[in-house]
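Encoded as structure tokens, the structure appears first; notes follow it.
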């Protein structure tokens, strides 16, 4: 797949920001960019990684608003069902966990190919671990597209023993959210929704205490009700 390079105008449209704001961010090195012949250029993959880092470390909805467009996306509770959830992952190493999550995605009809998805997930982890600390990882493809995914969705896995994931806090990962989306905009929206969910107090403990997939859906529904009240 070829690397996508964006102009300042395209990044501004993509992020729903003023073009002057994007220029200022590039000049201040607040956003990844390179200057070519006095013109700023942006790698889409770098913007994706930059936003993921910001989203997973921000407790507000600021970045969810940044990536929101006129297109809507269903709540997580509508994108996740029992087929998307494994509450007792038995595998013990990172790549085996990624394989199991990819297989679940394929069985649920989300990914076109479990093998190709696994390759993309491993490639992404080789660049930078998707573990965000606190026992959580959000594995995903570096280049989400409709050749890899049929539909958007999130796969949830829990490892009771924990898996080494090169997390920033060096702790094992127990809770995993595999984000699947057929395009970059949906991908970023799903990332922001998962991040908002994880930033809700007590959510991590609630997931680890879930006994059935229905318990997981109830956690998602509760979060969405609270989110509507607080907005």
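Each value in this text was obtained by applying a stated rule to the coordinates, not by laboratory testing. The structure presented is a predicted model; accordingly, all values stated were derived computationally and were not measured. All Cβ positions, glycine included, derive from the backbone under ideal geometry; neighbour counts span all protein chains shown.
Equivalent-ellipsoid semi-axes (√(5λ), Cα gyration tensor) for region 5-56, whole Å, largest first?
Value: 16, 12, 11 Å, ordered largest first.
Taking other Cβ within 10 Å of each residue's Cβ, how do 201, 124 sort, fewest first? Working shown, then result.
Numbers: 201 8, 124 19.
If I rank by nearby Cβ atoms, fewest first, I get 201, 124.
For region 5-56, what does the relative contact order come out to in percent, with C-alpha contacts under 8 Å and a separation of six or more?
37
Please give the helix 213-230 orientation as an angle from the longest Cα principal axis of the chain, in degrees from 0 to 90, rounded to the nearest 10.
For 213-230 against the chain, the angle is about 40 degrees.
Relative contact order for the chain: what is it in percent, counting Cα pairs under 8 Å that are at least 6 residues apart?
Averaging sequence separation for qualifying contacts and normalising by length gives 19 percent for the chain.
Compute the helix-to-body angle for 94-107: its Cα long axis versus the longest principal axis of the chain, expressed 0 to 90° and rounded to tens.
90
Helix 114-127 versus the longest principal axis of the chain: what angle, 0 to 90°, nearest 10, using Cα atoms?
60
Take every DSSP beta bridge whose two residues both sit in the chain, then give the antiparallel share in percent to the nearest 5. Mind dumping the intermediate values first?
Values: 16 of 21 bridges.
Here the antiparallel bridges make up roughly 75 percent for the chain.
In whole Å and largest first, what semi-axes does the C-alpha gyration tensor of the chain yield when each eigenvalue is scaled by 5 and square-rooted? Write down the numbers at each step before the final one.
On the way: eigenvalues 173, 79, 56 Å².
Working through the eigenvalues yields semi-axes of 29, 20, 17 Å.
Hey, any idea what the orientation-averaged projected area of the convex hull of region 100-180's Cα atoms comes to, in nm²?
Directional mean of the projected Cα hull area for region 100-180 stands at 4.8 nm².
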